[in-house]
1. Residue by residue through the range 85-117, note down the ones that are among the aromatic types (Phe, Trp, Tyr) and surrounded by fewer than 17 Cβ atoms within 10 Å (Cβ to Cβ).
2. Sort out for me the strands (runs of 3 or more DSSP E) sitting completely within the range 72-128 that have 2 or more residues that are acidic (Asp, Glu).
3. Do you know which residues across the range 140-186 are charged (D, E, K, R) and part of a strand (DSSP E or B)?
Amino acid sequence: MKKIAMAAAIAVSVFATPVLAQESGDFSGAKGTAIAGYDNTDFGITGAGSADNADGFLFGASLGYDLQSSNIVYGVEAEITESTGKISGGGASVNTSRDLYAGGRLGFVAGDKALIYVKAGYTNARYTANGAGLGTISGNADGVRVGAGVEFKLSDNVFARGEYRYSNYEQGVSRNQGIVGLGVKF
């Protein structure tokens, strides 16, 4: 009987250790993140020989707040970025510019240091077009963004993030971005 009780105690401690380790990784709180990465904007221009994708460097910052319940994390975030993407041809050019985002995210804590998450929300992008004889035209496009990523705790208050996101804007414009970030939990 003692052997069975001891085996049961060992089994409980072995199975409980990962659960306790997962709950020790608290992702709750306010966060600020500096982000940078690759930006590809597809303007949906059709026609023979027309280039319609602007590749560029993306940089910016986000602020957010997360709540953790067991191994599930719920959060909201707002972000502003700038892009260097540009296409030109035929005496005209289109530049990508700032991008605003506000949305939510839902994640799952894996181990005690990693958070795997998905996100969705509203996005608004600004584009500037310069054309021969047209001058400069600037406009905004509203859209939706979805994405997925991994956040990894480097310490109690510092984390790194990797994320892919897709945005679909009005007038047939879409955007693919891959970003990395370094953040601080307040």
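1. Residues of the range 85-117 among the aromatic types (Phe, Trp, Tyr): 101, 108, 117.
Within the range 85-117, Phe108 is the sole residue that qualifies.
2. Numbers: elements: 72-83, 86-89, 92-110.
Output list reads 72-83.
3. Residues satisfying the conditions are Asp142, Arg145, Glu151, Lys153, Arg161, Glu163, Arg165, Arg175, Lys185.
Table: residues versus (1) of a type in the set (D, E, K, R); (2) in a loop (DSSP other than H, G, I, E, B); (3) touching a strand residue (DSSP E or B) at 6+ places or on another chain (Cβ under 9 Å); (4) modelled with pLDDT of 50 or more.
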residue	(1), (2), (3), (4)
Ala7	no, no, no, no
Thr17	no, no, no, no
Asp26	yes, yes, yes, yes
Ile45	no, yes, yes, yes
Ser50	no, yes, yes, yes
Asp55	yes, no, yes, yes
Gly60	no, no, yes, yes
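The values are calculated or read from the model by the stated rules, or taken from the named source; none is laboratory data. Predicted model only: the values in this text are computed from it and were never measured. Glycine gets a Cβ as well: all are built from the backbone with ideal geometry, and neighbour counts include every protein chain shown.
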